[in-house]
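Visitor: Here's a structure for you.
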């Protein structure tokens with residue numbers, strides 16, 4: 001109990017010394033350590049504030065994007081309703097093809113990542129098993145097949161995208177062209193929304209993690225500051241630095257031992 005009382009009084013003394021001796025010629029040497037810790041606490045807190053501002057700005061920007069999409073979507077849908085007969089001819093086919101293209105793009109991205117991993121493994125194999133010509137040749141053949149497969153998939157994807165664009169590109173003078181173009185824009189907006197949403201979620205996740213890490217830094221910096229104030233209090237007590245605000249604590253500390 002006496003130790004707890006002593007620690008509490010030393011902290012009080014450190015706080016008072018910081019408040020009343022910062023500019024004094026009697027300031028203990030430990031004061032510099034307190035200043036350094038305070039600077040660090042302020043800096044890290046400012047970094048937390050800046051990250052929180054980025055978080056809010058990103059959230060606002062995403063909401064603005066959604067609002068803009070809603071406005072444009074309403075305009076495009078009005079145009080689609082006006083030329084619904086022309087749009088009906090391309091709606092089902094274009095949406096089915098768009099879904100297929102999206103699926104192929106996901107598969108293609110996975111295949112490219114797999115090829116990169118296979119190429120890295122081949123390089124490692126050449127380093128580790130360079131003496132085994134058979135293994136190296138077999139690995140090269142597998143890489144060659146993978147590359148050819150990816151090239152074919154890429155051509156197939158490009159052909160589908162070309163067909164998709166043709167469906168949604170009205171002929172010169174085609175009746176209802178405005179409706180088809182509005183439908184095309186709606187599909188583009190769906191892709192934009194998907195991409196922007198993924199970006200937003202990743203950005204918010206990254207910022208949340210960065211803020212959590214910085215808040216841990218704040219806690220550690222504040223603990224260091226507490227230690228510096230405690231050390232300042234001990235030094236002030238040992239020297240019994242004269243000051244009307246500090247003097248009453250010296251006798252209390254004497255009794256707490």
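Visitor: If you scan the stretch 198-220, which residues turn out to be surrounded by 13 or more Cβ atoms within 10 Å (Cβ to Cβ), in contact (Cβ under 8 Å) with a residue 12 or more places away in the chain and under 14 Å from the mean Cα position of the chain (by Cα)?
Guide: Within the stretch 198-220, 200, 203, 204, 207, 210, 211, 214 meet the criteria.
Visitor: Still on this structure, I have one more. So, in the stretch 68-101, exactly how many residues are over 12 Å from residue 183 (Cα atoms), surrounded by 15 or more Cβ atoms within 10 Å (Cβ to Cβ) and over 32 Å from the mean Cα position of the chain (by Cα)?
Guide: Residues that pass the stated criteria total 1.
Visitor: Moving on. Out of the residues in the stretch 151-184 that are in contact with a helix residue (DSSP H, G or I) (Cβ under 6 Å, 6 or more places away or on another chain) and in a loop (DSSP other than H, G, I, E, B), state the one that is farthest from residue 121 (Cα to Cα).
Guide: 176
Visitor: Among the candidates 115, 148, 125, 104, single out the residue that is loosely packed, with under 15 Cβ neighbours inside 10 Å and either in a helix (DSSP H, G or I) or out of contact with any strand residue (DSSP E or B) (no Cβ under 7 Å at 6 or more places or on another chain) (or both).
Guide: The unique qualifying residue is 148.
Visitor: Ok, one more. Condition (residue is part of a helix (DSSP H, G or I), surrounded by 12 or more Cβ atoms within 10 Å (Cβ to Cβ), more than 32 Å from the chain's Cα centre (by Cα) and free of Cβ contacts under 8 Å to residues at least 40 places away in the same chain) applied to the stretch 230-241: is it met by at least one residue?
Guide: Checked the stretch 230-241: no residue is part of a helix (DSSP H, G or I), surrounded by 12 or more Cβ atoms within 10 Å (Cβ to Cβ), more than 32 Å from the chain's Cα centre (by Cα) and free of Cβ contacts under 8 Å to residues at least 40 places away in the same chain.
Visitor: If only one of 70, 8, 19 is assigned to a helix (DSSP H, G or I), within 30 Å of residue 237 (Cα to Cα), in the same structural domain as residue 247 (by TED's automatic domain parsing) and without any contact (Cβ under 8 Å) to a residue 24 or more places away in the chain, which one is it?
Guide: Working: 70 fails: within 30 Å of residue 237 (Cα to Cα); 19 fails: without any contact (Cβ under 8 Å) to a residue 24 or more places away in the chain.
That would be 8, the only listed residue that is assigned to a helix (DSSP H, G or I), within 30 Å of residue 237 (Cα to Cα), in the same structural domain as residue 247 (by TED's automatic domain parsing) and without any contact (Cβ under 8 Å) to a residue 24 or more places away in the chain.
Visitor: All but one of (1) farther than 19 Å from residue 83 by Cα; (2) crowded, with 16+ Cβ neighbours inside 10 Å; (3) touching a residue at least 60 places away in the same chain (Cβ under 8 Å) hold for residue 192; state the number of the condition that does not hold.
Guide: (2)
The values are calculated or read from the model by the stated rules, or taken from the named source; none is laboratory data. These numbers were taken from a predicted model, which means no experiment stands behind them. Virtual Cβ from ideal backbone geometry, glycine too; neighbours counted across all protein chains shown.
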